[in-house]
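Below is one structure, written out as structure tokens, with a few remarks after it.
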Amino acid sequence: MLKKEFILKKIGQGLLHVLFWCAVLLFYTYFFGVGSNNFNDTLIFSLFLMPITIATTYVSIYKLIPDYLITKRYWLFVLYSLYTLIISAYLVMVSIFFSLIYISNFDYNEMNPLTRNILFVMTGIYLVTFIVSAFKLMKLNIEASKKTKNLETKILETQLKLKEQELKYLKMQIHPHFLFNTLNTMYGFALKKADETPEMILKLSNLLDYLLYQVDKPLVSLNDEINHIEDYISLEQMRFNDTLNVQFSKNIRSETIEIAPMLLIPFVENSFKHGKIKNGSLNIAISIEANTDNMTFIIKNSYTKASSSGDGIGLENIKKRLELLYPNQHQLNINLHENDFVVSLTLNPKLKRDDA
């Protein structure tokens, strides 16, 4: 089937070439027949010029342009173009001599005035060669542009796939880290056989539901993310009892705001993991303000220089996720003071679903 299509394509191309050169023959007959009443003599002279024109044109479009001009081997292009010019000029002189002998019977005055001027004859030949070469060059440039565009598309598709794989890898790292902290807390309650254990199981169930059914979505409602944070805080409050003081303020001005899932919880986890109990209390202050164009998230926890300063897996992952999901659309500041650790995140929540 492919072979048949290839043969038909070549036949079609061949017919187009034949039709084109027939049109050139008619052009030559009219062009060199100006001022002459002998159509047959002009046609014979034009027929003799056709092999020269065809050879010069094909050398130009199939050898000089693709092999030397397109590949930027300009010196060779100029050199071989000069050779082609010299050879074609010699053949034009032969054609004029042929016209003098065969058509005019050695009578110079009987020759068509236009056919005895070598410059005029070469102008006719190279006019055709130049036009065809220009179309060939334009065609090659269009093909090169298509190839470049296709290559750029493939590169972008590859980058997108790599980006998706990296995001999946980062999410897989976040899940075990989060579950490890939560299950540790639940394990402590089970050992103490605390009455809060059933409520803790319910909170954990809500969190697992979020992980299993929401986290793989490109975007989730900001309110869902906040509910997720509140469930996590509730679990931690059960673990810390009276030693935990959490202030959580929210100012959400639109119900349609969406962000990437699990974007804020790593900061909260980091505060519990690396926060320091001072004066009998771990103090954590969380603030979220958001509208359709901007979201600001600030979290501050008590801290001392003697406590661990490591960022943890979750916080390192969230930095990478922000770079992938919100390039040039976010600002993350992490400040370590003498008595507290402050993280401030500002971003534009208008993220296209295809980018997440």
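Run down Val246, Val220 and say which single residue is touching a Pro at 6+ places or on another chain (Cβ under 7 Å) and among the β-branched types (Val, Ile, Thr).
Only one candidate qualifies: Val220.
In the set Lys217, Lys171, which member is modelled with pLDDT under 85, surrounded by 15 or more Cβ atoms within 10 Å (Cβ to Cβ) and of a type in the set (Lys, Arg)? Even if it seems obvious, please write down each step before you answer.
Numbers: Lys217 fails: surrounded by 15 or more Cβ atoms within 10 Å (Cβ to Cβ).
When all the criteria are applied, what remains is Lys171.
Can you pull out every residue in segment 256-291 that is closer than 15 Å to Val246 by Cα and in a strand (DSSP E or B)?
Lys278, Ser281, Leu282, Asn283, Ile284, Ala285, Ile286, Ser287, Ile288
Could you give me the residue pairs with C-beta distances under 7 Å whose first residue belongs to segment 245-273 and is at positive phi, whose second residue is surrounded by 15 or more Cβ atoms within 10 Å (Cβ to Cβ) and at pLDDT below 90 wherever it lies, and which are 6+ apart or on separate chains?
Cβ pairs passing all conditions: Met262/Lys171; Met262/Ile174; Met262/Val215.
For the condition at pLDDT below 80, under 12 Å from Leu347 (Cβ atoms) and in a helix (DSSP H, G or I), what is the one hit in Ile318, Ile313? Talk me through it step by step, then tell me what you get.
Values: Ile313 fails: under 12 Å from Leu347 (Cβ atoms).
From the options Ile318, Ile313, the qualifying one is Ile318.
Please work out if Ser46 is of a type in the set (Gly, Ala, Ser) and over 30 Å from Asn141 (Cα atoms).
Details: of a type in the set (Gly, Ala, Ser): yes; over 30 Å from Asn141 (Cα atoms): yes.
The answer is yes for Ser46.
Would a scan of segment 340-354 turn up a residue that is part of a helix (DSSP H, G or I) and either modelled with pLDDT of 80 or more or loosely packed, with under 12 Cβ neighbours inside 10 Å (or both)?
Taking every residue of segment 340-354 in turn, at least one turns out to be part of a helix (DSSP H, G or I) and either modelled with pLDDT of 80 or more or loosely packed, with under 12 Cβ neighbours inside 10 Å (or both).
The values are calculated or read from the model by the stated rules, or taken from the named source; none is laboratory data. The structure displayed is predicted, hence computed values, not measured ones. Glycine gets a Cβ as well: all are built from the backbone with ideal geometry, and neighbour counts include every protein chain shown.
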